[in-house]
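Below: one structure, written as structure tokens.
Every number in this text was worked out from the coordinates using simple rules, so none of it is lab data. Since we're looking at a predicted model, the values are computed, not measured. Ideal geometry is used to build each Cβ from the backbone, glycine not excepted, and the neighbour counts take in all protein chains shown.
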Amino acid sequence: MALGSVDEFKARLAGGGARGNLFQCTLANPRGGLGVDLDIDFSSFMCEAAQLPASTIGVINIPFRGRQLKVAGDRVFDVWTVTVINDTEFKIRNSMETWMNAISNHADAGGTQNPELYFADLKVDQFDRDESIIKTYNFRDAFPTEVSAIDLSYGDTDTIERFTVTFQYQYWTSNTTDA
């Protein structure tokens, strides 16, 4: 294969390439409400970082005469984590803590028994430089499983608190796949 020229490379890099800082997350309240009062517009603005999801198809090894035949196994979906800028009212953190407490409360480990009540569909959109959506991932039947610690320190000056929220979900779909 020939190395090609810079001009050929530029011609193939249509739109200047996708930019990792042009995105928006849409967090949603659980379907059953559960006392969660998440301001969706506010949370979209305060989500500072996220990922486009990974996807892995497992492998099943079948032994045959000293060799391993590899066949496709089940698809596995990794967790989805967002980083949130904390405000002085702790709006998003309080909502995530309330959501998690509705699933498994602190006092007696009780909580809602119907998963349909604590599931929500979440999404992340990637934008082009002209602000058009070039890729959307929808996380189906998601729920938070971890709200990270916020470190406090006298030495932290000129910083705003951040924390991460980790979500589990059943599967994802995108605007460019059939699923």
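Some values worked out for this structure:
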{"quantity": "Exposure rule at most 16 other beta-carbon atoms within 10 Å, DSSP loop trypsin sites (Lys or Arg not before Pro): the chain longest free segment", "calculated": "66-128"}
{"quantity": "Rounded, prolate or oblate (a/c below 1.5 giving rounded, otherwise prolate when a/b exceeds b/c) for the stretch 98-151 by Cα gyration tensor", "calculated": "oblate"}
{"quantity": "Shape parameters for the stretch 1-50, alpha-carbon atoms, Rg then Dmax in Å", "calculated": "20.0, 61"}
{"quantity": "For residue 81, residues with placed amide H under 5 Å, excluding near neighbours", "calculated": "51, 167"}
{"quantity": "The stretch 122-179: GluC sites (Glu not before Pro) in DSSP loop, at most 12 other beta carbons within 10 Å", "calculated": "131"}
{"quantity": "Residues with amide H under 5 Å from that of residue 121, placed H, sequence gap 5 or more", "calculated": "141, 142"}
{"quantity": "Size of electric dipole in the stretch 19-174: Cβ of Lys, Arg +1 and of Asp, Glu -1, about Cα centre, debye, nearest 20", "calculated": "1160 debye"}
{"quantity": "FRET efficiency, residue 55 to residue 88 (Cβ-Cβ, R0 25 Å, nearest 0.05)", "calculated": "0.10"}
{"quantity": "Charged-residue dipole, Cβ positions (Lys, Arg, Asp, Glu), the stretch 46-115 about Cα centre, Debye nearest 20", "calculated": "700 debye"}
{"quantity": "Karplus (6.51, -1.76, 1.60) ³J(HN,Hα), θ = phi - 60°, over the stretch 163-172, in Hz, Gly and Pro reported as x", "calculated": "8, 10, 10, 9, 10, 9, 8, 7, 6, 10"}
{"quantity": "Potential extension, residue 77-residue 157 segment - 0.36 nm per residue separation minus Cα distance", "calculated": "25.0 nm"}
{"quantity": "Calculated over the chain: convex hull of Cα atoms, volume per residue (Å³)", "calculated": "259 Å³"}
{"quantity": "From phi via Karplus (6.51, -1.76, 1.60), per-residue ³J(HN,Hα) for the stretch 84-89 in Hz, x at Gly/Pro", "calculated": "10, 7, 7, 9, 5, 8"}
{"quantity": "Convex hull volume per residue in cubic angstrom - Cα atoms of the stretch 133-177", "calculated": "94 Å³"}
{"quantity": "Chymotrypsin sites (Phe, Trp or Tyr not before Pro) within the stretch 19-117, DSSP loop, no more than 16 other Cβ atoms inside 10 Å", "calculated": "77, 90"}
{"quantity": "Contour minus Cα-Cα distance for residue 28 and residue 65 (0.36 nm per residue)", "calculated": "8.1 nm"}
{"quantity": "Computed E for residue 21/residue 108 - FRET, C-beta separation, R0 45 angstrom, nearest 0.05", "calculated": "0.55"}
{"quantity": "Förster-model FRET efficiency, 35 Å R0, residue 166 and residue 5, C-beta, rounded to 0.05", "calculated": "0.20"}
{"quantity": "Selected from 169, 85, 58, residue furthest toward positive end of dipole (the stretch 39-179; charges at beta carbon)", "calculated": "58"}
{"quantity": "Partner lysines for residue 135 [C-alpha distance under 24 Å; skip if fewer than 8 residues away on the same chain]", "calculated": "10, 123"}
